[in-house]
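Bear in mind that the values in this text are calculations on the coordinates, not laboratory data. These figures come from a predicted structure and were not determined experimentally. Cβ: placed from backbone, ideal geometry, glycine included. Neighbour counts: every protein chain shown.
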Amino acid sequence: MKTKITELLGIEYPIIQGGMAWVAEHKLAAAVSNAGGLGLIGAASAPPEVVRDEIRKCRALTEKPFGVNVMLLNPNADEVAKIIVEEGVKVVTTGAGSPSKYMDMWKKAGVKVIPVVASVAMAKMMERAGADAVVAEGMESGGHIGSTTTMALVPQVVDAVQIPVIAAGGIGDGRGLAAAFMLGAKAVQMGTRFVVAEESIVHENYKNKLIKASDIDSEVTGMTTGHPVRCIRNKMTKEYLRLEREGADFMELEKLTLGSLRNAVVDGDVVNGTVMAGQIAGLIKKTQSCKEIMEEMMREAEETFRFAEENIWAK
Ligand code: TUI
């Protein structure tokens with residue numbers, strides 16, 4: 001398949017993996033890239049030298065292109081941004097803020113820059129700043145989110161910018177991929193489905209929590225702090241939302257989530273930990289390899305188009 005994004009990134013399939021904190025390490029990224037998509041290492045809050053090491057380990061596992069996601073709330077983001085250039089990484093995605101201050105450095109080094117945005121205004125700003133593409137991420141996504149749905153955001157971003165748009169949020173199968181194309185996207189970014197991939201190092205408890213989740217099992221914590229985060233409902237979210245309703249201050253709420261994503265992903269504490277996941281978790285029923293996920297997505301998307309051609313638009 002050929003789209004502006006597969007051409008820009010030199011990949012086979014128009015599917016990129018989300019740069020998920022603690023989840024998107026080198027094994028998952030390499031597996032997605034080897035399966036024909038774009039794998040990403042999520043730098044999140046990792047120490048810069050750990051990110052360097054992850055990049056090198058990923059390179060040892062794949063000859064295909066892969067990228068790094070820079071989480072802009074990370075106090076070490078400046079150092080991570082430099083390591084990306086030093087290590088010759090070809091693609092960067094960014095989240096939770098504006099990467100404008102790194103744009104010149106990255107562009108000069110020939111890095112393709114793809115900011116994740118949650119609004120039209122941010123998409124336009126990123127295009128002006130020199131971005132090669134944007135990921136338009138709807139509020140169906142897991143983790144840190146904006147407030148507009150994928151269905152509403154993607155076509156508005158597509159109309160507002162000339163650069164290619166990648167759709168994210170609520171996409172978990174080939175129907176979602178086909179729908180994203182219909183909205184004008186040139187690829188999709190997927191997170192939640194890759195969390196349960198065979199190659200994902202995430203704790204079994206976390207994977208099982210997603211596999212068991214239904215459509216209405218996610219909550220958004222942090223609406224009152226300005227950092228809304230979507231995760232699966234558990235003891236932590238119930239306590240968090242109760243404290244928020246009672247008007248708890250930022251520091252009190254922070255205590256509840258400090259280290260809590262790591263506790264869930266690494267130690268499997270899905271009761272008190274933060275189990276970040278998107279609303280599409282209810283669709284995901286089993287573990288598969290990244291290759292199986294990718295091939296199934298492409299087959300389903302093709303079937304979806306064929307069905308529409310033969311049944312919906314049939315003359
Ligand atoms: O970044 C994400 N998703 C994330 S980051 C993350 S780590 C974290 N953990 C706990 C609390 C907070 C963060 C977990 N999930 N997605 C991309 C994304 N970016 N979604 C929304 C945005 C965004 C929001 C505001 C992008 C730009 C923006 O601009 C604000 C500004 O600076 O003007």
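Just a few scattered comments:
- Centroid-to-centroid separation of segment 287-308 and segment 62-117 [C-alpha atoms, Å]: 30
- Shown for 256, 73: other C-beta atoms within 10 Å of each C-beta, ranked fewest to most, produce the order 73, 256.
- Using C-alpha pairs under 8 Å with a sequence gap of at least 6, the mean separation divided by the residue count of segment 251-315 gives a relative contact order of 17 percent.
- Summing +1 for each Lys or Arg and -1 for each Asp or Glu among the other residues whose beta-carbon sits under 15 angstrom from that of residue 42 gives -1.
- Note, ³J(HN,Hα) from phi for segment 258-267, Karplus 6.51, -1.76, 1.60, rounded to Hz, x at Gly and Pro: 4, x, 6, 6, 4, 4, 6, 6, 8, 8
- Rg ratio (alpha-carbon, reference 2.2 N^0.38 Å) - segment 86-237: 1.09
- Considering all different alpha carbon pairs of segment 1-121, the Kirkwood hydrodynamic radius works out to 14.1 Å.
- Size descriptors for segment 26-97, from the alpha-carbon set: Rg then Dmax equal 11.2, 33 Å.
- Local net charge near residue 139, Cβ-Cβ under 14 Å (Lys/Arg +1, Asp/Glu -1): -2
- Residue 313/residue 107 FRET efficiency (R0 30 Å; Cβ-Cβ; nearest 0.05): 0.10
- The distance from the alpha carbon centre of segment 1-45 to that of segment 127-187 is 16 Å, rounded to a whole number.
- Its DSSP H runs of at least 4 residues, each contributing -39,500 (n - 2.57), put the calculated 222 nm mean residue ellipticity of the chain at -12500 deg cm²/dmol, to the nearest 500.
- In the chain, one over the average inverse separation of all distinct C-alpha pairs is 19.4 Å, which is the Kirkwood hydrodynamic radius.
- Using the Karplus relation 6.51 cos²θ - 1.76 cosθ + 1.60 with θ = phi - 60°, the per-residue 3J(HN,Hα) values for segment 31-47 come to 5, 5, 5, 5, 7, x, x, 10, x, 10, 8, x, 5, 6, 10, 5, x Hz, with x marking Gly and Pro.
- Relative contact order [Cα under 8 Å, 6+ residues apart], the chain, whole percent: 16
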